[in-house]
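Data block below; observations after.
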Amino acid sequence: MKRIAILGCSGSGKSTLAARLAKLVDLPLIHLDQHFHRPDWKARPPEEWAYIHAELIARDRWIIDGCYGGSATARTQRADMIIWFDLPTHVCLYRVVKRIITGCGKRRFDAAPGCRERFDLEFLLYVLSFRRRKAPRLLKILEDRPVKTELVIICNNADIEMLLSRFKTPRSASKTSPENAL
């Protein structure tokens, strides 16, 4: 496994899973938010973003978290595994609101420099409308993924733990042989 793309709604847990997974599989971690935004959450111009994104996905090994639907096809075509967060809207909205309240004025670990957590009505409306407006297009991209690319769907915390357990190394076997175990 050399390239893992993680997609889903804001607040679904993409960045948190990406960080945990990166430690287990020893792959470089790329948070797209850090590359897409300039300070104060200003988006990069489309041509600049396209160039940066192409450079990121051209790398041989990575875990990339972030949707950015306009670039998702190129990313998923290069991935060995795609993780799709399919959580209910209320869960994502709750997490985003909690993140705003607890982190207001602070920079999150996955945010670009100069991008501090803040109340943003437009962003909250994006989260509220994600399943209706963004998810259908992303699901079509997932359907069109290469045959060899594994798709993992995360619907709850148990799914996350099950996925992570696939990558945990088993504890070394006991040095006691069955004959000596008595």
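None of the figures in this text is laboratory data; all of them are computed from the coordinates on show. As the structure is a prediction and not an experimental result, all values here were calculated from the model. Because the Cβ atoms are built from the backbone with ideal geometry, glycine has one as well, and the counts that use them run over all protein chains shown.
How much length, in nm to one decimal, is gained on full extension between residue 156 and residue 52, taken as 0.36 nm per residue of separation minus their Cα-Cα distance?
Value of the extension gain: 34.2 nm.
When the Debye formula is applied to the Cα atoms of region 38-136, each taken as the same point scatterer, what base-10 log of I(q)/I(0) results at q = 0.14, 0.18 Å⁻¹?
So the normalised log intensities are -0.67, -1.11.
Within region 105-126, what residues put their amide N at less than 17 Å from the label point 7 Å along the Cα-to-Cβ vector of residue 42?
What the label zone holds, given the 17 Å backbone N cut-off, is 112-116.
At 222 nm, what value in deg cm²/dmol follows for the chain if DSSP H runs of at least 4 each add -39500 (n - 2.57) and the sum is divided by all its residues, to the nearest 500?
Rounded to the nearest 500, it is -14500 deg cm²/dmol.
Under the 0.36 nm per residue contour assumption, what length would be gained going from the current alpha-carbon distance of residue 97 and residue 19 to full extension? Display every interim value, and only then the final one.
On the way: separation 78, 0.36 × 78 = 28.08 nm, distance 2.11 nm.
Gain on extension, residue 97 to residue 19, equals 26.0 nm.
Taking springs between alpha-carbon atoms closer than 10 angstrom, which of 51, 68, 126 fluctuates most in the Gaussian network model of the chain?
For the chain, modelled as a Gaussian network with Cα springs under 10 Å, the answer is 51.
Is the C-alpha gyration tensor of region 10-79 telling us rounded, prolate or oblate? Criteria: a/c under 1.5 is rounded; beyond that, a/b larger than b/c is prolate, otherwise oblate.
oblate
Pairwise over distinct Cα atoms, reciprocal of the mean inverse distance: report the Kirkwood radius of the chain in Å, one decimal place.
The answer is 17.6 Å.
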